1. Can you tell me which residues in segment 8-36 are surrounded by 14 or more Cβ atoms within 10 Å (Cβ to Cβ) and farther than 21 Å from residue 115 by Cα?
2. Can you name every residue in segment 97-111 that is open to solvent by less than 60 Å² (accessible area, probe 1.4 Å) and at negative phi?
3. If I ask for residues that are open to solvent by 70 Å² or more (accessible area, probe 1.4 Å), closer than 13 Å to residue 24 by Cβ and either assigned to a loop (DSSP other than H, G, I, E, B) or of a type outside the set (Lys, Arg) (or both), which ones from segment 47-80 would you list?
4. Looking for whichever is modelled with pLDDT under 95 and of a type outside the set (Lys, Arg) here; the options are 146, 84. Which one fits?
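The values are calculated or read from the model by the stated rules, or taken from the named source; none is laboratory data. For clarity, every value in this text was computed on a predicted model and none was experimentally measured. No Cβ is skipped: glycine too gets one built from the backbone with ideal geometry, and neighbour counts run over all protein chains shown. The protein model used for the area step is the full one, side chains on, heavy atoms only, and it has no ligands, DNA or RNA in it. Shrake-Rupley method; radii C 1.70, N 1.55, O 1.52, S 1.80 Å.
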Amino acid sequence: MKQGAPDLRVDGSHLRVAIVAASWHMRVMDGLIAGARRGLADAGVSSVELVRVPGAFELPVACSRLATSHDAVVALGVVIRGGTPHFDYICQAATMGLTEVAVRSGVPVGFGVLTCDDEQQALDRAGLEGSSEDKGHEAATAAVATVLTLRELQV
């Protein structure tokens, strides 16, 4: 566990969760998806649907649609900085779009979108063998934990 990260132990055995994953940088994405699946399995979630979209820009619209039929969604993607402002636009659109999905729907969105300067930073966070972090696992666990918190807040 990364220093300062919360130790979330959650029981999501009764939840239905969707993973929405972008398709760019397949090695990184495979690690993020595997990490999210591990996180959901660790939380006891057995109802998991995986949906693939082309890239990070398409994550919000797919998450919005899936939020109507799932207790939580986990958004996974990676954007690697290049030589144009494209990185900034895509990162901002994905972040704002996923935030809007969560706030408007009331359905937690686990944010597993890596925004990295280079491919090595992405590989270090992808939950692969030798990676220092497992952001897919973290995003899935955070989504489940937030569902449980919101249910405690209901009056």
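1. Matches in segment 8-36: 8, 10, 12, 15, 16, 17, 18.
2. 97, 98, 101, 102, 105, 107, 108, 109, 110 - these are the residues of segment 97-111 that are open to solvent by less than 60 Å² (accessible area, probe 1.4 Å) and at negative phi.
3. 54, 57 - these are the residues of segment 47-80 that are open to solvent by 70 Å² or more (accessible area, probe 1.4 Å), closer than 13 Å to residue 24 by Cβ and either assigned to a loop (DSSP other than H, G, I, E, B) or of a type outside the set (Lys, Arg) (or both).
4. Working: 146 fails: modelled with pLDDT under 95.
That would be 84, the only listed residue that is modelled with pLDDT under 95 and of a type outside the set (Lys, Arg).
Every residue, every condition in (1) touching a Lys or Arg at 6+ places or on another chain (Cβ under 9 Å); (2) assigned to a helix (DSSP H, G or I); (3) open to solvent by less than 10 Å² (accessible area, probe 1.4 Å), yes or no:
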residue	(1), (2), (3)
89	no, yes, no
95	no, yes, no
113	yes, no, no
123	yes, yes, no
128	yes, no, no
139	no, yes, yes
146	no, yes, no
